[in-house]
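Right, one structure below, let's go through it.
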Amino acid sequence: MFKNLRPDIIVALIAVIIGLSTMIVYIYQARIMSKQMHATVWPYIENEFTEGSEGFKITTQNKGVGPAIVKKYRLYFDGKSISTSRHSIDSLLRVLSGNDSLKWVFDYTNLESRVLSGGEEIVFVHFKTPETLVALKKVLKGHSINVGVCYCSVFDECWVTSAGKTEACKRCD
């Protein structure tokens, strides 16, 4: 069967095989480069609750290398989502304390619809005064509090982080 093949046909077949092999290698290389590019802008959000000499604070940090586009930022009190506005937090604390006249003093930063660059840390709430800390401990005793963040990369890959767990999601609803 191969005896009747002309040399020009053999050369043409070898050229086609080399061309196809080269195309497969380039496609594979492009795929690897795409994955590398996505990895170089991968954000990773972590929330931290800290109580110490500086008071009680909830911080959110992007420990990834790329920017994190925060789409949703939620506060969970006993498993129920509440608004993260200053007014909502203040209202919840007033209801829980049973003292409508108590002045809750705390620093606040709205993190929803915000971009956190790689390594950036932002304090969501910070209770500093001793009076507020004592009242806060009484109010939160026996309750659970958590933060949930839905964020995306610049390539629109999204994740949800809550209670120390991060999971990929299609989008932030």
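Among the residues of segment 25-65, which ones are in contact with a helix residue (DSSP H, G or I) (Cβ under 7 Å, 6 or more places away or on another chain) and either basic (Lys, Arg) or farther than 19 Å from Lys137 by Cβ (or both)? Within segment 25-65, Val65 is the sole residue that qualifies.
Only one of the listed residues (Val147, Val134) is surrounded by 15 or more Cβ atoms within 10 Å (Cβ to Cβ) and either in a loop (DSSP other than H, G, I, E, B) or of a type outside the set (Asp, Glu) (or both). That residue is Val147.
Of all residues in segment 61-104, those satisfying the criterion of being under 17 Å from Glu131 (Cβ atoms), among the small types (Gly, Ala, Ser) and part of a loop (DSSP other than H, G, I, E, B) are Gly98, Ser101. Residues that are under 24 Å from Tyr151 (Cα atoms) and not small (Gly, Ala, Ser) within segment 2-41 comprise Met33, Lys35, Gln36, Met37, His38, Thr40, Val41, listed in sequence order. Please work out if Thr40 is within 16 Å of Gly119 (Cα to Cα) and among the polar types (S, T, N, Q). So Thr40 passes the test.
Scanning segment 45-60 for residues that are buried (at least 17 other Cβ atoms within 10 Å of the Cβ) and either in contact with a Gly (Cβ under 9 Å, 6 or more places away or on another chain) or more than 28 Å from Pro130 (Cα to Cα) (or both) yields Ile45, Asn47. Mind checking which residues of segment 140-158 are more than 10 Å from Lys71 (Cβ to Cβ) and not small (Gly, Ala, Ser)? Once the filter is applied, which keeps residues that are more than 10 Å from Lys71 (Cβ to Cβ) and not small (Gly, Ala, Ser), segment 140-158 yields Leu140, Lys141, His143, Ile145, Asn146, Val147, Val154, Phe155, Asp156, Glu157. Scanning segment 43-60 for residues that are touching a strand residue (DSSP E or B) at 6+ places or on another chain (Cβ under 6 Å) and either more than 19 Å from Glu121 (Cβ to Cβ) or assigned to a loop (DSSP other than H, G, I, E, B) (or both) gives a single hit, Pro43.
Considering only residues in segment 133-155 that are touching a Lys or Arg at 6+ places or on another chain (Cβ under 8 Å) and of a type outside the set (A, V, I, L, M, F, W, C), the one that is farthest from Ile82 (Cα to Cα) turns out to be Tyr151.
Of note, Val160 satisfies the criterion of being among the aliphatic types (A, V, I, L, M), buried (at least 16 other Cβ atoms within 10 Å of the Cβ), within 16 Å of Trp42 (Cα to Cα) and in the same structural domain as Phe49 (by TED's automatic domain parsing). Take segment 107-139 and flag every residue that is farther than 27 Å from Val154 by Cβ, within 26 Å of the chain's Cα centre (by Cα) and free of Cβ contacts under 8 Å to residues at least 60 places away in the same chain. Correct list: Asp107, Tyr108. Against the list (1) within 30 Å of Asp156 (Cα to Cα); (2) of a type in the set (Asp, Glu); (3) modelled with pLDDT under 90, the condition Glu48 fails is (3).
The values are calculated or read from the model by the stated rules, or taken from the named source; none is laboratory data. Predicted, not measured: the structure shown is a model, and the values here were computed from it. Quick reminder, even Gly has a Cβ in these numbers, built from the backbone with ideal geometry, and neighbours come from all protein chains shown.
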